[in-house]
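J.: Pasting a structure below so you can have a look.
The values are calculated or read from the model by the stated rules, or taken from the named source; none is laboratory data. Just so it is clear, the model here is predicted, and its values are computed rather than measured. Note: ideal-geometry Cβ built from the backbone for every residue, glycine included; neighbour counts use all protein chains shown. Only protein heavy atoms, including side chains, enter the accessible area calculation; ligands, DNA and RNA are left aside. Shrake-Rupley method; radii C 1.70, N 1.55, O 1.52, S 1.80 Å.
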Amino acid sequence: MIKDQWIMGIETSCDETAVAIIKNGREIAANVVASQIESHKRFGGVVPEIASRHHVEQITVIIEEALKEANLTLSDLDAIAVTEGPGLVGALLIGVNAAKALAFAHSIPLVPVHHIAGHIYANRLVTELTFPLLSLVVSGGHTELVYMKEQGHFEVIGETRDDAAGEAYDKVARTLKLPYPGGPHIDRLAQDGRDTLDLPRAWLEEGSYDFSFSGLKSAVINTVHNAEQRGETIAPEDLAASFQESVIEVLVKKTIKATDEYKVKQVLLAGGVAANKGLRRTLEKAFSEKNDIELVIPPLNLCTDNAAMIAAAGSIMFEKGIRADLSLNANPGLDIELYN
Amino acid sequence: MTILAIDTSNYPLGVALIEDNQVLGEYITNLKKNHSIRIMPAIQTLMKDCERVPAQLTKIVVAKGPGSYTGVRIGVTIAKTMAWSLKIPLVGISSLEVIAAGAGRYFDGYISPLVDARRGQVYTGLYQYQSGVLTIAKEDRLVLSADWTAALKEEIKKPILFVGNDLPLHRDVIEAALGSQAKFAAITEYNPRPAELAFLGKDKQGEDIHSFVPNYIRLAEAEAKWLEANGKTIKG
Ligand SMILES: [Zn+2]
């Protein structure tokens, strides 16, 4: 009989303190997330110092909860996987140092994980990955197309040159005076509006899989501003729908183009913006015509930041033999191709 | 009884291991380097050299601030996680008290340990040895060094020993206010000694580990601004 593999994941890169335990890389035994969103709401965004303070308050509580939920002790663990980066450095440091303390005190192997690799591997908690595959990663800090030829190997074929899609959502939400975080509010408003404003789509140069959203963001702000000066009002629903249409059209068309070029078997949606209903629907529709390609979209709780995804990616990294020693540091600008 | 002490609250990085009434080992540096990279390897090396394993530890004592927010969080996170997972008590000690403990043991008067906090401010407090026990006369605080020394001049009649790596930055202000009442510790006393930290926590009761947090003294800047903008009074 083959022994089960148990991996603990620790994730503190932004404003969630999260610990999870995964069995054999794919089964969730525990997945605990303490969100700080209520603490940051009144500031209109995540305040790094406050996020770090909350992580220190929460970290041992959440580790304990995860072990209880999984009905395991530390000695059952094969490895501890922790988000090394990217993210807020002060926030990352809490997870990294807690993981190192556990690894040292209980002689458990330590595995460093890239946050985006985690988002991609959230999909492996839904279904087994088949290669080659393409992942569209869309979150508050990232908009990337990542090609994977095999487990644990990442190649960024396109990324944003300025704002991440999630950032553009937050800025447009602020223009519309919607509460933080703005993404879900725009998504909701967009359901009731129509794409009437003909906002720009940034396709960039021929053949590029990169993205750019700063022009779109400025176009939204200018449109609102100009309308105000003329004494007109634009229905917020239509503005939201027009903005969202523009974002989604670029994301989906580039994804499909890359899918064709790289002849992938699977397309994985990953990152917090994967919770966006408009994006999900458009992708599902686009891929419903492509019978030979499987589209995977994780459930909402695995799209937003969590530690199950870090443990899932950590399981593969662990099998690849990747280890960190006790000098592991938080790396806010970590490169996803580093551990290929 | 084997106690591990950890201090990463300011530039000095300190680890000590004490057992019964003996200092087994100490590691101190005073460098502008990243504590997150160096502290765990320092703990590992010291414990290995002293031939002790984590399971033998009976208590962890950590310097809980004030100091660098990020620095103190690194030490506190490690101390909390180790203590909780090894099921041993955790004790937090003021980072300033540790500085006072070493420098002032045989000094007849008060001790003001200080750490620069920029713009003329210092983190400081007032301590005094009474019958061999370090006691606190004025709580740790963030204050302009000029205001602090003026207040001391007013209230304190005994000599006051100033100590800390940032002393040179504030020496002129201190001397101007207190003259010969101010005494200055030797450079070799500036660093907080992790063995002092271990002994300060040795007989103290463990605290609730989950809720243990650093003593930042100050609110996060965004929090303070928000409270001000919303007409609330700022405490702490
Ligand atoms: Zn994320």
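J.: What is the Å³ per residue value for the convex hull set by the Cα atoms of chain A?
T.: Taking only Cα atoms, chain A has a hull volume of 132 Å³ per residue.
J.: Something else now. Taking all pairs of different Cα atoms in the range B:96-189, averaging 1/r and flipping that mean, what Kirkwood radius in angstroms comes out?
T.: 12.8 Å
J.: Along each principal axis of its Cα atoms, how long is the range B:134-202 end to end? Whole angstroms, biggest number first, please.
T.: 37, 24, 22
J.: Of the accessible area of the protein assembly as shown, with the probe set at 1.4 angstrom, what percent is carbon plus sulfur?
T.: Carbon-and-sulfur percentage of accessible area, whole number: 50.
J.: Can you give the Rg and Dmax of the range A:223-340 based on its C-alpha atoms, in angstrom?
T.: Final numbers for Rg and Dmax: 19.7, 63 Å.
J.: Next question. What area, in nm² and to one decimal, does the C-alpha convex hull of the range A:90-226 cast on average over all directions?
T.: Averaged projected hull area, Cα only: 11.9 nm².
J.: Apply 1/(1 + (r/R0)^6) to the Cβ-Cβ distance of residue B:130 and residue A:73, taking R0 = 35 Å, and write down the FRET efficiency to the nearest 0.05.
T.: 0.15
J.: So with the 1.4 Å probe, I'd like the accessible area per residue for the range B:96-189, rounded to whole Å².
T.: Result: 49 Å² of accessible area for each residue.
J.: When you have a sec, figure out the Kirkwood radius of the range A:26-92 from all distinct Cα pair distances and drop it here in Å to one decimal?
T.: It works out to 13.7 Å.
J.: Taking a quarter of the surface of the Cα convex hull of the range B:122-236, what do you get in nm²?
T.: Here the figure is 10.2 nm², rounded to one decimal.
J.: Run the numbers on the range B:197-213: which residues show a drop of 50 Å² or more in accessible area, chain on its own versus all protein chains together, using a 1.4 Å probe over heavy atoms?
T.: B:210
J.: Once the Cβ-Cβ distance between residue A:128 and residue A:174 is put in as r, and R0 is 56 Å, what FRET efficiency do you end up with, to the nearest 0.05?
T.: Plugging the Cβ-Cβ distance into 1/(1 + (r/R0)^6) gives 0.85.
J.: In terms of the ratio Rg/(2.2 N^0.38 Å) built on C-alpha atoms, what value belongs to the protein assembly as shown?
T.: Here the Cα radius of gyration is 1.10 times the empirical estimate.
J.: Modelled label-to-label distance, residue B:228 and residue B:21, 7 Å Cα→beta-carbon offset: nm?
T.: Between residue B:228 and residue B:21, the label points sit 5.2 nm apart.
J.: Excluding the sites themselves, what is the longest stretch of chain A that contains no GluC sites (Glu not before Pro) in a DSSP loop with at most 14 other C-beta atoms within 10 Å?
T.: A:1-127
J.: For chain A, with every protein chain kept in place, what is the accessible area per residue (1.4 Å probe, Å²)?
T.: Computed with neighbouring chains in place, this is 39 Å² per residue.
J.: Still on this model: Roughly how many Å is it from the Cα centre of the range A:1-39 to that of the range A:131-191, as a whole number?
T.: Their Cα centres are 22 Å away from one another.
J.: Which distance in nm do the two modelled labels at residue A:327 and residue A:253 give, with both placed 7 Å along the Cα-to-Cβ direction?
T.: 4.9 nm
J.: While we're on this one: Around residue A:305, what is the net charge, scoring Lys/Arg as +1 and Asp/Glu as -1 over all other residues with Cβ under 12 Å from its Cβ?
T.: Residues close to residue A:305 contribute a combined charge of -3.
J.: So what's the convex hull volume per residue for the Cα atoms of chain B, in Å³?
T.: 135 Å³
J.: I want the antiparallel fraction of DSSP beta bridges within chain A, as a percent rounded to 5.
T.: Taking every DSSP beta bridge with both residues in chain A, the antiparallel ones total about 55 percent.
J.: Rounded to the nearest 0.05, what FRET efficiency do residue A:335 and residue B:32 have when you use their Cβ-Cβ distance and R0 = 41 Å?
T.: Efficiency for this residue pair is about 0.95.
J.: For residue A:265, put the label point 7 Å out on the Cα→Cβ axis and report which residues of the range A:285-324 keep their amide N under 16 Å from it.
T.: A:291-296
J.: Want the number for residue A:289 to residue A:229: 0.36 nm per residue separation, take away the alpha-carbon distance, what's left?
T.: 17.1 nm
J.: Could I ask something else about it? What distance in nm lies between label points placed 7 Å from Cα along the C-beta direction at residue B:171 and residue B:155?
T.: 2.7 nm
J.: How big is the charge dipole of chain B about its Cα centre, in debye rounded to the nearest 20, if each Lys and Arg gets +1 on its Cβ and each Asp and Glu gets -1 on its Cβ?
T.: 400 debye
J.: Another question, then. Counting protein heavy atoms only and a 1.4 angstrom probe, how many square angstrom of accessible surface do chains A and B bury in total, to the nearest 100?
T.: Chain pair A/B: roughly 2900 Å² of buried accessible area.
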